[in-house]
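Notes for the one structure printed next.
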Amino acid sequence: MELLAYDDSAPLDSVLISARTCTDDPPAASIVTPAGDLELEPWDGYDSERSRWFKDVTLVGSAMDIEDGPLSGESLVWTTDRTNDQPAELGRGSSVVARLYSGECFGDTHRITLQAIDSGGNRSAPATRTVTIWQVC
């Protein structure tokens, strides 16, 4: 589309305006910390109520959506695959201190996933890291 500005009857200037259709694309999520897969030792402690060893790990991530811009807070969801040891959801937000549990005395590996959800309900592809915690009881 072209917009023309006139002074009396002569055009003064013109501007081309282009419109694009919003596609409602899903956001993109990335894990900042840990920067790569992680191996830690030893456990931070033992939870006698759960009968599980645990390690507290700081997770930091970010997400961007074409329509919404940067996402934060409840839009960022952290999970683990070790649902036999704990609930899947570890927390929400750009920075979470997650308590990773294990029923194994000799260590365990968690597959940590960050997914972002935009205002349209679209989910990002999962960003993942593995966190292995070694312990000899």
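Read-outs throughout are calculated quantities, based only on the coordinates presented, and are distinct from any laboratory measurement. What you see is a predicted model; the values in this text were computed from it and never measured. Note that each Cβ is placed from the backbone with ideal geometry, even for glycine, and that neighbours are counted across all protein chains shown.
3J(HN,Hα) along the range 86-93: 6, x, 5, 6, 9, x, 10, x Hz, from the Karplus curve 6.51 cos²θ - 1.76 cosθ + 1.60 with θ = phi - 60°, whole Hz, x for Gly and Pro.
Taking label positions 7 Å along the Cα-Cβ direction at both Leu16 and Arg92, the computed distance is 4.4 nm, reported to one decimal. Counting only DSSP beta bridges with both residues in the chain, what percent are antiparallel, rounded to the nearest 5? Percentage antiparallel, nearest 5: 95.
Between Ser62, Ser51, Ser102, the GNM of the chain built on Cα springs shorter than 10 angstrom shows Ser51 fluctuating the most. With the charge dipole of the range 24-133 set up from +1 on Lys and Arg Cβ and -1 on Asp and Glu Cβ about the Cα centre, the Cα lying farthest toward the positive end among the listed residues Gly121, Cys105, Pro26 is that of Cys105. Across the range 79-133, the fraction of Cα-Cα pairs farther apart than 14 Å, rounded to a whole number, is 57%. Going from the residue with the fewest nearby Cβ atoms within 10 Å to the one with the most, Phe54, Phe106 rank Phe106, Phe54. Just checking the listed ones, Thr113, Thr79, Thr58: in the Gaussian network model of the chain with Cα springs under 10 Å, the one fluctuating most is Thr58. Approximating the spin labels as points 7 Å out from Cα along Cα→Cβ, the Ser48-to-Asp25 distance works out to 5.4 nm. Report, to one decimal in Å, the Kirkwood hydrodynamic radius for the chain based on all distinct Cα pairs. By the Kirkwood definition, the hydrodynamic radius is 17.6 Å.
How would Leu40, Leu90 line up from fewest to most surrounding beta-carbon atoms within 10 angstrom?
Exposure proxy ranking, most exposed first: Leu40, Leu90.
Of the options Gly45, Leu76, Ser62, report the single residue whose Cα projects farthest towards the positive end of the charge dipole of the range 24-133 (beta-carbon charges: Lys, Arg +1; Asp, Glu -1). Going by the Cα projections, it comes out as Gly45.
Counting neighbouring beta carbons within 10 Å and listing from fewest to most, the residues Thr83, Thr109 come out as Thr83, Thr109.
Here's the picture: a label point sits 7 Å out from the Cα of Thr128 along the beta-carbon direction, and within the range 38-65 the residues with their amide nitrogen under 17 Å of it are 38-39. The simple spin-label model puts a point 7 Å past each Cα toward its Cβ; for Glu104 and Glu41 those points are separated by 1.5 nm. When the chain is treated as a GNM with alpha-carbon contacts under 10 Å, the residue of Asp108, Asp85, Asp47 showing the greatest mean-square fluctuation is Asp47.
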